[in-house]
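Right, one structure below, let's go through it.
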Amino acid sequence: MQENFLIKANDPKIGYLQAETVPHFNVWTGANETRYWIFQVQDNKVTAQAKVVYTQQNVFGATTGGKEIYYNDKVHSDWTWYWNVRNELEKICGNKIIFIEKEVY
């Protein structure tokens, strides 16, 4: 899969696919980072979400906190994990696409 994403969930009957990276420790945030692309096809429209989930764990391995950040075309141009998937999706769809940013607190 492109940009080291692995398909973790899919259901062709409802038009759903979730791809994610293997979690890795981000030294800048001090948290484990997992990148996600989530796609849904409904009424011939594709909805896509790009997000990063940061989770923190204690010494026993229990998750103690975290946050989700959703991304859109405002991300830096060197974030290949976003741009390569986004641009390929636009090619597949054959139309200009727009991503919506959402922050969860």
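If I filter the stretch 43-81 down to residues being β-branched (Val, Ile, Thr) and touching a helix residue (DSSP H, G or I) at 6+ places or on another chain (Cβ under 8 Å), which single residue comes out as farthest from Val27 (Cα to Cα)?
My answer is Val46.
Mind checking which residues of the stretch 21-32 are buried (at least 16 other Cβ atoms within 10 Å of the Cβ) and not in a loop (DSSP other than H, G, I, E, B)?
Ala31, Asn32
What about Asp73, is it out of contact with any strand residue (DSSP E or B) (no Cβ under 9 Å at 6 or more places or on another chain), exposed (fewer than 15 other Cβ atoms within 10 Å of the Cβ) and modelled with pLDDT of 90 or more?
Answer is no for this residue.
Conditions: (1) outside any strand (DSSP E or B); (2) more than 12 Å from the chain's Cα centre (by Cα); (3) not small (Gly, Ala, Ser). Trp83 meets all but one. Number of the miss?
The failed condition is (2).
Please find, within the stretch 1-20, the residue that is farthest from the chain's Cα centre (by Cα) out of those that are outside any loop (DSSP other than H, G, I, E, B), hydrophobic (A, V, I, L, M, F, W, C) and farther than 18 Å from Asn44 by Cβ. Break it down into steps so the answer makes sense when it comes.
Going through the stretch 1-20, the residues outside any loop (DSSP other than H, G, I, E, B) turn out to be 2-4, 6-11, 16-20.
The next check asks that each one be hydrophobic (A, V, I, L, M, F, W, C); those that pass are 6-7, 9, 17, 19.
Narrowing the set further to residues that are farther than 18 Å from Asn44 by Cβ leaves 6-7, 9, 19.
Numbers: Leu6: 11, Ile7: 11, Ala9: 13, Ala19: 7 Å.
Only one residue tops the list, namely Ala9.
Are there any pairs with C-beta distances below 9 angstrom linking a residue in the stretch 1-26 that is touching a residue at least 40 places away in the same chain (Cβ under 8 Å) and among the hydroxyl-bearing types (Ser, Thr, Tyr) to a residue that is part of a loop (DSSP other than H, G, I, E, B) and surrounded by 13 or more Cβ atoms within 10 Å (Cβ to Cβ), with the two at least 6 apart or on different chains, and if so which?
Thr21/Phe5
Identify all residues within the stretch 46-56 that are closer than 12 Å to Tyr16 by Cα and more than 12 Å from the chain's Cα centre (by Cα); write none if there are none.
Matches in the stretch 46-56: Val46, Thr47.
Take the residues in the stretch 46-62 that are surrounded by 11 or more Cβ atoms within 10 Å (Cβ to Cβ) and more than 18 Å from Gln2 (Cα to Cα); name whichever of them is modelled with the lowest pLDDT.
First, the residues of the stretch 46-62 that are surrounded by 11 or more Cβ atoms within 10 Å (Cβ to Cβ): 46-57.
Still in the running and more than 18 Å from Gln2 (Cα to Cα): 46-47, 53-57.
Working: Val46: 87, Thr47: 86, Val53: 94, Tyr54: 93, Thr55: 92, Gln56: 89, Gln57: 82.
Of everything passing the filter in the stretch 46-62, Gln57 is modelled with the lowest pLDDT.
Here are the criteria: (1) surrounded by 13 or more Cβ atoms within 10 Å (Cβ to Cβ); (2) modelled with pLDDT under 90; (3) part of a strand (DSSP E or B); (4) not hydrophobic (A, V, I, L, M, F, W, C). Tell me which single one Tyr36 does not satisfy.
Going through (1) surrounded by 13 or more Cβ atoms within 10 Å (Cβ to Cβ); (2) modelled with pLDDT under 90; (3) part of a strand (DSSP E or B); (4) not hydrophobic (A, V, I, L, M, F, W, C) one by one, Tyr36 breaks only (2).
Of the residues Lys74, Lys96, Lys51, which is under 30 Å from Pro12 (Cβ atoms), of a type in the set (Lys, Arg) and in a loop (DSSP other than H, G, I, E, B)? Step through it out loud before you land on a result.
On the way: Lys74 fails: under 30 Å from Pro12 (Cβ atoms); Lys51 fails: in a loop (DSSP other than H, G, I, E, B).
Only one candidate qualifies: Lys96.
The values are calculated or read from the model by the stated rules, or taken from the named source; none is laboratory data. Given the structure is predicted, the values throughout are model-derived calculations rather than measurements. Note that we place each Cβ from the backbone using ideal geometry, even for glycine, and neighbour counts take in every protein chain shown.
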